[in-house]
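The values are calculated or read from the model by the stated rules, or taken from the named source; none is laboratory data. Since this is a predicted model, take the numbers as computed values, not measurements. In this analysis, Cβ positions are derived from the backbone assuming ideal geometry, glycine residues included, and neighbour counts consider all displayed protein chains. Keep in mind that these areas ignore ligands, DNA and RNA; they rest on the heavy atoms of the full protein, side chains included. Shrake-Rupley method; radii C 1.70, N 1.55, O 1.52, S 1.80 Å.
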Amino acid sequence: MKTEQLTALRVCFERYVETFEQDGAGLPPPLALKAQHSERVARECRDLSFELGWPSGLQRSAEALGLLHDIGRFSQFAQYRTFADGASVDHGERGFEIASSCELLSRLPAAERRPILDGIRHHNDRSMPDGLVDRSADFLHLVRDADKLDIFRVVLEAVDRDGFRDLPDMLPHVSLQCSPCPEIVAELRHHRSCSFEKVRTLGDFLLMQLSWVYDLNLAPALQRVLEREIPSRLLQHVEGDLGCEELGETVHSFLRDRLDAE
């Protein structure tokens, strides 16, 4: 992707987002959060791709993917007033449909366009899909890591600020209690993953976030998790005698082992 193409795509994205503004009041707060998240994920994608030594054209394409990865969130929230895919639509699939109709993307060669569209479509899948072609797997690994890194930041800032007071507005089925349910704890201990369908409290949500560490793909992303002290910062807000210290040590050992193996 050329610099001027990325610039034009950014203008197109900003104009699309503006269509969801309320009369005289700007974007609804949850959508303003998503717009800011999209910008930060774009930067994370750019920075990660640079550290991985990608050529400049691919770095710009990676930045474009980061910017567009959550484009389906805007119409999802406008239509359903929730970010819960299970209660509305798959926002990755919705974003793929929207981006597929973007004239600017349609002008790119298929080899450049396909990884961006695949990344939008599958960034929120629970696991990597099979059968990806061209550079799609590389782009999908990148955007999934960048997305998680910024969601970690958003969640921790919200919990530190006011106990994530806005969480029920975005996910109405989640309460602000900091104690997790035993099923979530058991999943994390035995399977290294937590099912979103079982999340009912803020404590559940924080442990689900912690489980994302096991799904990171790239060494620079793993390093950022350690440098930003994400596991310990998540666990310090979880209440109850759940062996959080042991969980934190397990996660840190996993991260260090993965980095040593790179």
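A straight chain from Ala219 to Asp241 at 0.36 nm per residue would run longer than the Cα-Cα distance by 4.7 nm.
Whole Å is fine, so just give me how far the alpha carbon centre of the range 195-220 lies from that of the range 9-50. Going from one Cα centre to the other spans 24 Å. Sequentially through the range 257-262, phi angles give Karplus couplings (6.51, -1.76, 1.60; θ = phi - 60°) of 5, 5, 5, 5, 7, 6 Hz, Gly and Pro residues having no value and appearing as x. Averaged over residues, the count of other Cβ atoms within 10 Å places the peptides 168-176, 135-143 in the sequence 135-143, 168-176, highest first.
Here Cα extents along the principal axes in Å was computed from the coordinates, and among (1) 56, 49, 31; (2) 57, 39, 35; (3) 74, 51, 32 the match is (1). Protein heavy-atom surface of the chain, 1.4 angstrom probe: 48% of the accessible area is carbon and sulfur, with nucleic acids and ligands not counted.
Residues considered: Lys34, Lys198, Lys148. Largest GNM mean-square fluctuation over the chain, using C-alpha springs under 10 Å, is found at Lys198. Annotation: amide H of Ser175 within the under-5 Å range of Thr201, Leu202, sequence separation 5 or more or interchain, hydrogens built in the peptide plane.
In the context of the full set of protein chains, the chain has a per residue accessible area of 47 Å² (1.4 Å probe). Under the Karplus relation 6.51 cos²θ - 1.76 cosθ + 1.60, θ = phi - 60°, what is the ordered set of whole-Hz ³J(HN,Hα) values for the range 223-240, x standing for Gly and Pro? For the range 223-240, the Karplus-derived couplings read 5, 4, 4, 5, 4, 8, 6, 5, x, 5, 5, 5, 5, 5, 9, 8, 9, x Hz, x marking Gly and Pro.
Across the range 185-198, coupling constants 3J(HN,Hα) worked out from phi with the 6.51/-1.76/1.60 Karplus curve, θ = phi - 60°, read 4, 5, 4, 5, 5, 9, 10, 6, 8, 10, 7, 4, 4, 8 Hz, and Gly and Pro carry x.
Of Ile120, Ile184, Ile71, the residue with the greatest mean-square motion in the GNM of the chain, using alpha carbon springs below 10 Å, is Ile184. Taking a ≥ b ≥ c as the square roots of the eigenvalues of the Cα gyration tensor, the range 8-76 is prolate, since a/c reaches 1.5 or more and a/b is larger than b/c.
Residues Glu157, Glu103, sorted by accessible area with the largest first, give Glu103, Glu157 [1.4 Å probe; ligands and nucleic acids excluded].
Taking one quarter of the surface of the convex hull spanned by the alpha-carbon atoms of the range 40-194 gives a direction-averaged projected area of 10.6 nm². In plain terms, the bigger the Kirkwood radius, the slower the diffusion; for the range 120-262, with that radius from Cα pairs, at 4 °C and 1.567 mPa s, Stokes-Einstein puts D at 82 µm²/s.
Extending 7 Å from the Cα toward the beta-carbon at both His173 and Arg161 defines two label points whose distance is 2.6 nm.
Mean-square fluctuations from a GNM of the chain, with a 10 angstrom spring cutoff on Cα atoms, peak among Asp147, Asp47, Asp70 at Asp47. Need the list of lysines near Lys34 for cross-linking: C-alpha distance under 20 angstrom, and skip anything on the same chain fewer than eight residues off. Filter leaves Lys148.
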